[in-house]
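So the structure is just underneath, and the comments pick up after that.
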Amino acid sequence: MAGKGGVGKTTASATLALAAARTGLTVLVVEVAGRLDSGPMFGADPQGYDEQTVCRVASAGTVRCRCITPDAALLDWLSSHGFTRIVRRMSRSGLLEIVATATPGVKELLVLGKLKHLEQSRVADLIIVDAPAAGHALNFLRAPLAVRNTARTGVLRRQATEVLEMLTDSERCRALLVTIAEETPIKELVETAFAVEDEVGLALGPVVVNSALGAIDTLEGGDGGLDRDQLDVAALANELTPQELDDLVTAANFRRDRMALQVDQLDSLAQQLPLAQIRLPHLFTTSIGLAELNTLADAADSSIEEISVLGD
Ligand SMILES: Nc1ncnc2c1ncn2[C@@H]1O[C@H](COP(=O)(O)OP(=O)(O)OP(=O)(O)O)[C@@H](O)[C@H]1O
Ligand SMILES: [Mg+2]
C-alpha cells in the first residue's frame, strides 16, 4: 500500500487486513517506514520486529502485525546465516552504515529480501506492506534494480534478482495506491502508478480512495446546499437560534462544495487511471480503532463486491 503522506495508508492497510481476516484468511501487516501505527488501530500495543497477533476474528482469520527496519533485517539475516558473533560485536557499531555506503539500495533490499522470505515461507495467506510515503515508496521499490545494476555477482545480486521476481509476478505481489479525493495526492498517485508499473514492472491492484464523503439526501429540488428560507421551517420546529441556523447553512454549503470537488477529482482520477476503486468513507471520529476498522471493512467489502460484479 503506497500513497502520499497522511492519506490513510495505515488505515487502509488495517482495513483490508481486517476485511481479509473476516473471510477466514491469516493476514500479516508489515510496516516498513519505521512507524508503529497499525497495532494500536486494533487496540493492541505498538508492534515490534517480532510479530504479534492484534486481532482474532471469531470463527474466521487473524491479523498479525510487525515492523521491519533495515537494521533489524540485517541482524536477522546475519544471525540466520551463522554470523551470530559478528552480530554481537557489531550490532551497535554501525555495521549497516558500512554496508549501505558501499552499495546504494542495500537498506531497502534488506527489507524487501525479508518480505520475500516471509512470502516464500507462506507465513500468512496475505501479507500487506504499509509502504513509506509516495516518493520514498518508489525509491524503496527501485532499490533491487539499483543493486542488480551495481552488484555483478554474489549474494546481493541474487537477492535483488529474487526480489524482482516477486515484485514482477502479479500472482504474488501487487501495488495498491491510496489517495484522498484531492488534487495533489491524486496527481502524485498517478505519477507513482506509472513509475511503479513502467520502471519496476509491479502490477497495480485497485486504487483505494480514502476519506470519501457519502452522498447525503438533499431537500427536494436542492443541490445539497441550503439557504435560510429552506431552514426556517426546521428552525421553528426545532427552536434553533439564528446563530445555529447560520452555522447549519455554512456547514451544509461547505459539504456541498466538498462533494462537488470530490466528484470532479474522482472523475479526473478515473480518466487518468482506469483502475477499479475501493472507496472508504470519511468517519467523523478523532481516532481509528477496531470499531471504525469494522465500519471501513464493511465499505471495502461493498466496493470489492461491486468490482467483482463488474469484472464478471
Ligand atoms: N476514513 C477515515 N476517516 C476518518 N479519519 C481517518 C480516515 N482515514 C484516516 N484517518 C485519520 O487520518 C490520519 C492519517 O491516517 P493514516 O495514519 O492511516 O495515514 P498514513 O497515510 O498512514 O500516514 P503516514 O504517511 O503518516 O504514515 C489518522 O489520524 C487517521 O486516524
Ligand atoms: Mg502510516
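Between Leu213 and Ser79, what FRET efficiency follows from the Cβ-Cβ distance if R0 is 51 Å, with the result rounded to 0.05?
Calculated transfer efficiency: 0.55.
Please compute the net charge surrounding Gln265, taking Lys and Arg as +1 and Asp and Glu as -1 over other residues with Cβ under 9 Å from its Cβ.
Result for the local shell: -4.
What length, rounded to one decimal in nm, is gained on full extension from Ser59 through to Gln120, with 0.36 nm per residue of separation minus their alpha-carbon distance? The partial results should precede the final answer.
Values: separation 61, 0.36 × 61 = 21.96 nm, distance 2.63 nm.
Extra length from Ser59 to Gln120 when fully extended: 19.3 nm.
Which residues' amide hydrogens lie under 5 Å from the amide hydrogen of Val129, considering only partners 5 or more residues apart or on another chain, with H built in the peptide plane?
The answer is Val30.
What are the principal axis extents of the Cα atoms in the chain, in Å, biggest first?
80, 42, 38
Could you tally the net charge around Asn210, taking each other residue with its Cβ under 10 Å from the Cβ of Asn210, Lys/Arg +1 and Asp/Glu -1? Walk me through the numbers before you get to the answer.
On the way: positive: Lys9, Arg279; negative: none.
Taking every Cβ under 10 Å from that of Asn210, the sum is +2.
At q = 0.28 Å⁻¹, what base-10 log of I(q)/I(0) does the Debye formula yield for segment 156-208 when every alpha carbon is treated as an equal point scatterer in vacuo?
The calculated log intensity ratios at q = 0.28 Å⁻¹ are -1.03.
Report the per residue volume, in Å³, of the convex hull enclosing the C-alpha atoms of segment 1-91.
108 Å³
Two decimals is fine: what is log10 I(q)/I(0) at q = 0.13, 0.17, 0.19 Å⁻¹ for segment 1-157, from a Debye sum with one equal scatterer on every Cα and no solvent?
Those come out to -0.65, -1.03, -1.20, one per q.
What is the fewest-to-most order of Val87, Val196, Val209 by other Cβ atoms lying within 10 Å of their Cβ?
By the 10 Å Cβ count, ascending: Val87, Val196, Val209.
How do Met259, Met1, Met166 rank when sorted from fewest to most other Cβ atoms within 10 Å of their own Cβ?
Met166, Met259, Met1
Once you keep just the Cα pairs under 8 angstrom separated by 6 or more residues, what percentage relative contact order results for the chain?
About 21 percent, as a whole number.
Separation between the Arg142 and Glu162 pseudo-spin-labels, each 7 Å from Cα along Cα→Cβ, expressed in nm?
If labels sit at Arg142 and Glu162, their model points lie 2.6 nm apart.
Excluding residues fewer than 8 places away in the same chain, name every one of the lysines whose C-alpha is closer than 26 Å to that of Lys187.
Straight-line reach from Lys187, under 26 Å: Lys4, Lys9.
Given the C-alpha centroids of segment 240-263 and segment 47-123, what is the distance between them in whole angstrom?
Cα centroid to Cα centroid, the span is 49 Å.
Straight-line reach only, C-alpha to C-alpha below 16 angstrom: list the aspartates and glutamates that Lys114 could link to, leaving out same-chain residues fewer than 8 apart.
Reachable aspartates and glutamates: Glu31, Asp50, Glu51, Asp71, Asp76, Asp130, Glu162, Glu165.
What does the charge count near Ala151 come to, summing +1 for each Lys or Arg and -1 for each Asp or Glu among other residues with Cβ under 12 Å from its Cβ?
So the surrounding residues net to +4.
Read-outs throughout are calculated quantities, based only on the coordinates presented, and are distinct from any laboratory measurement. Bear in mind the structure is a predicted one, so any value in this text is a computation, not a measurement. Don't worry about glycine lacking a Cβ; one is built from the backbone with ideal geometry, like all the others, and counts go over all protein chains shown.
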